[in-house]
Amino acid sequence: PGARAYARSWIRDGALTSAALLGMGYTEEVRQFLQWYAPHQATDGRIPCCVDQRGADPVPENDSHGEFIFAVMEYYRYTRDVGFLREMWPYVIRAVGYIDSLRQQRLTEKYRIDPAYVAYRGLVPESISHEGYASQPRHSYWDNVFVHGGLKDAAAMAAVLGEDTEAERLTALHRAFRKDLHASILEAMKLHGIDYIPGAVELGDFDPTAT
């Protein structure tokens, strides 16, 4: 996606470009892109932020997992191709597992009771996926809103595939994350004395494009 600036392929750009292509009726290109990208998933379920001639980039950017799941489900929404969903399901369920492992890092006792950490409770850890935070990883809502969408789509995918037990588990996971995300936003607004959703918990920054 996009030869403007990179000799590499980003799942962020790829997912959003795929949505645009699907809206214009280009389905085969999206299928090929996702079938090519998916096997670059790490053994722990992490979806790499980008891939180039050297392979998958090891830098953690925590928006990528949700973006991949979204792109898979978006393809289904336009094509109703259940076979493709079944093909992608193992990658999706591993990506959800990785998301949950990240989330568990912010669900310890410290994040429940320490006022200095409550705003981070249940979020995925800081990353540099937002280019404005490249010099210092942050707990960006950019990452967490993509996670929210990915968990919601994974639950919907399980229901389509008749994976009833997984659909119930993923729906519960999505709802729990949604609750924590909403509470975090309100806490960050309170901490910084602002009346808008900030770009990152730490900064209270005004960033409407990212939000």
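Sorting the segments 160-169, 70-79, 57-66 by their mean number of nearby beta carbons within 10 angstrom, highest to lowest, gives 57-66, 70-79, 160-169. Label 7 Å along Cα→Cβ of Gln136; segment 174-194 residues with amide nitrogen under 16 Å? Of the residues in segment 174-194, 192 have backbone N under 16 Å from the label point off Gln136. Please work out the Cα center distance from segment 114-136 to segment 1-63, rounded to the nearest Å. Comparing the Cα centres of segment 114-136 and segment 1-63, I get a distance of 24 Å. In segment 1-134, a dipole from Cβ-located charges (positive for Lys and Arg, negative for Asp and Glu) runs towards its positive end, and of Val72, Val118, Trp36 it is Val118 whose Cα lies farthest in that direction. Relative contact order, whole percent, for segment 16-97 stands at 31, derived from Cα pairs under 8 Å and 6 or more residues apart.
Only Cα pairs under 8 Å and 6+ residues apart enter the sum, and on that basis the relative contact order of segment 120-198 stands at 26 percent. Between Arg80 and Met189, the modelled labels are 4.0 nm apart [label points 7 Å from Cα along Cα→Cβ]. Sorted largest first by accessible area at a 1.4 angstrom probe radius, with every protein chain in place, the residues Met24, Met189 fall in the order Met24, Met189. Overall, the anisotropy analysis places segment 87-211 in the prolate class: the square-rooted eigenvalues a ≥ b ≥ c of its C-alpha gyration tensor yield a/c not less than 1.5, with a/b exceeding b/c. Listed values for segment 200-211 are Karplus-derived 3J(HN,Hα) couplings in whole Hz (6.51 cos²θ - 1.76 cosθ + 1.60, θ = phi - 60°), namely 9, 4, 5, 9, x, 7, 7, 8, x, 5, 5, 5, and x replaces Gly and Pro. Remark: segment 111-127, residue by residue, has Karplus-estimated 3J(HN,Hα) of 7, 8, 10, 7, x, 6, 10, 4, 5, 8, 4, x, 7, 7, x, 4, 8 Hz, where x stands for each Gly or Pro and the curve is 6.51 cos²θ - 1.76 cosθ + 1.60 at θ = phi - 60°.
In percent, rounded to a whole number, the relative contact order of segment 2-160 is 24, using alpha-carbon pairs under 8 Å and six or more apart. Seen from all directions on average, the chain presents a Cα convex hull projection of 12.1 nm². Here the 3J(HN,Hα) profile of segment 10-18, calculated from phi with Karplus coefficients 6.51, -1.76 and 1.60 at θ = phi - 60°, is 9, 5, 4, 4, x, 5, 6, 5, 4 Hz, Gly and Pro shown as x. Estimated at 0.36 nm per residue, the fully extended path between Ala7 and Ala19 surpasses their Cα-Cα distance by 2.2 nm.
Cross-link partners for Lys190 among the lysines, with Cα-Cα distance under 25 Å and sequence neighbours closer than 8 places in the same chain left out: Lys110, Lys179.
Taking amide H atoms as placed 1.01 Å from N in the peptide plane, the amide H of Glu202 lies under 5 Å from those of His139, each 5 or more residues away in sequence or on another chain. Once the chain from Thr108 to Tyr26 is taken as fully extended at 0.36 nm per residue, the excess over their C-alpha distance is 25.1 nm. Per-atom-type breakdown for segment 78-205 gives carbon and sulfur 53% of the accessible area (1.4 Å probe, protein chains only). Averaged over its residues, the chain has an accessible area of 48 Å² per residue, based on protein heavy atoms and a 1.4 Å probe.
The values are calculated or read from the model by the stated rules, or taken from the named source; none is laboratory data. Note that the coordinates shown come from a computational prediction; the quantities given were computed from them, not determined experimentally. Cβ sites come from the backbone with ideal geometry, for glycine too, and all protein chains shown count toward neighbours. Side chains included, ligands, DNA and RNA excluded: accessible areas come from the protein's heavy atoms. Shrake-Rupley method; radii C 1.70, N 1.55, O 1.52, S 1.80 Å.
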